[in-house]
Amino acid sequence: MPHARDVTDDLRHERPFPPSRPSPTASDWRDAHPPLPETAEYAAHLRDVADDDVRYLAHHYTRYLGDLSGGQAIASLVARHYGATAEQLGFYRFDVADDGVVRYKRGYREAMNALALQPAEVDVLIAEVRTSFRMNSAIFEALDA
């Protein structure tokens, strides 16, 4: 039976979190603009769930499928509104060819369905996806403040 980590293997690479407040003029933006508390909380939560395959998968699903679906539009808005540089928007770049996005998303969903999670695991997955959405929303709300 497939394992939850198997679903994430295709896009398993390090991508930095987007800066909390990107600045087009700060070459030292990583030091000059430390993460917002909401960003730090989300990063800490990800470290906390990293060893729980189902909860980890929920965040991977949210980040990758969400960003493949709507993240490109978000990246454009962040660039326009905050003047973010290409380096700062690296979080939204994927190593998937444009014509492969639909194929990748279909394969991802098929791999998730093949996991045959137990009902309790499905409940955990759904709860953690909701947590992921909530934490991501908190970051965007903080950026808007």
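The values are calculated or read from the model by the stated rules, or taken from the named source; none is laboratory data. Bear in mind the structure is a predicted one, so any value in this text is a computation, not a measurement. For the accessible areas, the whole protein counts, side chains as well, though only heavy atoms, and no ligand, DNA or RNA atoms are used. Shrake-Rupley method; radii C 1.70, N 1.55, O 1.52, S 1.80 Å.
Here are a few things to note about the model shown:
- For Glu141, the solvent-accessible surface computed with a 1.4 Å probe is close to 130 Å², ligands and nucleic acids excluded.
- Apolar share of the accessible surface for the range 76-145: 56 percent from carbon plus sulfur atoms, 1.4 Å probe.
- Note on Ala138 and Arg93: the extension gain reaches 14.0 nm, defined as 0.36 nm multiplied by sequence separation minus the Cα-Cα distance.
- Whether the range 34-145 is rounded, prolate or oblate, judged on the alpha carbon gyration tensor where a/c under 1.5 counts as rounded: oblate
- Extension gain, Lys105 to Ala32, is 22.7 nm, computed as 0.36 nm per intervening residue step minus the present C-alpha separation.
- Taking 0.36 nm per residue of separation and subtracting the current Cα-Cα distance, fully stretching the chain between Ile126 and Ala40 would add 28.7 nm.
- Sequence of Phe91, Phe140 from largest to smallest accessible area, 1.4 Å probe: Phe140, Phe91
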